[in-house]
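The values are calculated or read from the model by the stated rules, or taken from the named source; none is laboratory data. These figures come from a predicted structure and were not determined experimentally. Here the Cβ positions follow ideal geometry from the backbone for every residue, glycine too, while neighbour counts run over all protein chains shown.
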Amino acid sequence: MKTLIVTAVLALITSPAWATTWMIGDDDGYGIGIPDNANHTFVTPIKDFRSAAEAAATNGAQFTDTYSTTHPGFSPQPGTVATFSFTGLGSGWTEGSMWFDMADFQASTFGPVSVTYNGIVQNWAFNDGYPSTMVRFFDLDQNVLDSINLTGILDVVIDRNQSSDFYGFDYALLSDRTGANTTNVVPEPSTFALLGAGLAGMMVWRKKKRS
């Protein structure tokens, strides 16, 4: 019994810590259940599968679930710039990552988009091809972390003025952990089961000890 209790406690201690995340968008497969990291079924660039909440958003969700994001004449919202605004982040950031579920970037053919995090230039020259989705994470550089700690916000600005590319986003997600750590932050169900068994065993052991 003691062994079970010790094992459960060790499992909890050695499980990765929880990450805090902020998501813009709704992780619904571009509104129609398109899988991650796969080919999709879009046949024309004029697509708008936004929910009512996304269409009415002002934090950047208005640019999700649209294949023609920031493409004048084709996008359901005007302009050539999309800004995803994460607010209320506080200070004390020592690491972090940005995640995007994105589709159809073809920089070599149509030109790369310009991307900044709090005004700090990022490299976004991707060639995923058509019709492909891709989930990517980008660990935040120290200067970006410093800017978050200073302002408590992160503004991701995606400007396609120098690009004729059609592309789309399902969601943008900010994590206070690096990408490698974010992918493993949720303890496995077996860990919870083991912990529960250990705690139950501890209660039984205490009762027997008293009697």
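Here is a yes/no grid of residues against (1) without any contact (Cβ under 8 Å) to a residue 60 or more places away in the chain; (2) part of a loop (DSSP other than H, G, I, E, B); (3) surrounded by fewer than 21 Cβ atoms within 10 Å (Cβ to Cβ); (4) assigned by TED's automatic domain parsing to the domain that holds P131:
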{"residue": "I46", "(1), (2), (3), (4)": "yes, yes, yes, yes"}
{"residue": "E54", "(1), (2), (3), (4)": "yes, no, no, yes"}
{"residue": "G90", "(1), (2), (3), (4)": "no, yes, yes, yes"}
{"residue": "D101", "(1), (2), (3), (4)": "no, no, no, yes"}
Of the criteria (1) within 16 Å of the chain's Cα centre (by Cα); (2) modelled with pLDDT under 95; (3) assigned to a loop (DSSP other than H, G, I, E, B), which one Y30 fails:
(3)
Would you be able to tell me the number of residues in region 97-136 that are at pLDDT 95 or above and touching a helix residue (DSSP H, G or I) at 6+ places or on another chain (Cβ under 6 Å)?
4
Count of residues meeting criterion [buried (at least 17 other Cβ atoms within 10 Å of the Cβ), part of a loop (DSSP other than H, G, I, E, B) and either within 20 Å of the chain's Cα centre (by Cα) or of a type in the set (S, T, N, Q) (or both)] in region 108-123
2
Can you tell me how many residues within region 159-178 are under 24 Å from Q142 (Cβ atoms) and without any contact (Cβ under 8 Å) to a residue 60 or more places away in the chain?
0
If G168 passes every condition in (1) in a loop (DSSP other than H, G, I, E, B); (2) crowded, with 19+ Cβ neighbours inside 10 Å; (3) of a type in the set (G, A, S) but one, which one does it miss?
(1)
For region 56-74, what are the residues that are assigned to a loop (DSSP other than H, G, I, E, B) and polar (S, T, N, Q)?
T58, N59, T64, T69, T70
So for region 146-165 (the condition being modelled with pLDDT of 95 or more, part of a strand (DSSP E or B), of a type in the set (V, I, T) and surrounded by fewer than 20 Cβ atoms within 10 Å (Cβ to Cβ)), does at least one residue qualify?
yes
